[in-house]
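The values are calculated or read from the model by the stated rules, or taken from the named source; none is laboratory data. All values derive from a computational prediction rather than experimental measurement. In this analysis, Cβ positions are derived from the backbone assuming ideal geometry, glycine residues included, and neighbour counts consider all displayed protein chains. All accessible areas refer to the heavy atoms of the entire protein, side chains included, with ligands and DNA or RNA removed. Shrake-Rupley method; radii C 1.70, N 1.55, O 1.52, S 1.80 Å.
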Amino acid sequence: MTFDPTSLQSFSFLGLVLVFLGGLLTSLGPCNIATIPLIVGYVGGSQDLSRGRSFVLSLAFAIGLAITFMVLGLVAALVGG
């Protein structure tokens with residue numbers, strides 16, 4: 001089985017999966033990994049946080065990172081295009 005790069009020129013499920021996996025791979029850089037102890041330390045070090053509040057803070061942190069990377073990706077795509 002050979003890979004046909006022309007299959008990525010239009011919307012395809014394969015293209016979507018490859019972009020998703022590429023995003024996961026590039027998010028494992030040292031700068032991004034270094035932020036994980038920040039949220040773990042904040043959430044884990046707070047004595048008066050309930051489990052639900054801890055979940056909401058962690059979710060907000062993850063969504064904030066996702067939105068930031070999405071905006072940076074859009075800017076890079078617009079500048080590069």
Checklist entry - Label I33 and S50 with points 7 Å out from Cα along Cα→Cβ: what is the distance between them in nm? => result 3.6 nm
Checklist entry - What accessible area per residue, rounded to a whole number of Å², is obtained for the chain using a probe radius of 1.4 Å? => result 83 Å²
Checklist entry - On a 0 to 90 degree scale, rounded to 10, what angle separates helix 36-45 from the longest Cα axis of the chain? => result 20 degrees
Checklist outcome for this item: Residue separation between L14 and V79 times 0.36 nm, minus their alpha-carbon distance, gives in nm 20.9 nm
Checklist entry - So, with a 1.4 angstrom probe, what is the percent of accessible area on the chain that is carbon and sulfur? => result 75 percent
Next on the checklist: As an exercise, use a Förster radius of 25 Å and the Cβ-Cβ distance of L59 and L24 to find the FRET efficiency, rounded to the nearest 0.05.
Outcome noted: 0.85
Next on the checklist: Using only the alpha-carbon atoms, how far is helix 51-80 inclined from the longest principal axis of the chain? Give it as 0 to 90 degrees, nearest 10.
Outcome noted: 30 degrees
Next on the checklist: Quick check on the chain: helices-only [θ] at 222 nm, where DSSP H runs of length 4 and up contribute -39,500 (n - 2.57) each and the sum goes over total residues. Nearest 500, please.
Outcome noted: -23500 deg cm²/dmol
Checklist outcome for this item: Taking the square root of 5λ for each eigenvalue of the C-alpha gyration tensor of the chain, the equivalent ellipsoid has semi-axes, largest first and in whole angstrom, of 35, 14, 12
Checklist entry - Given DSSP loops and a limit of at most 11 other Cβ atoms within 10 Å, what is the longest stretch of the chain that contains no such chymotrypsin sites (Phe, Trp or Tyr not before Pro)? => result 12-81
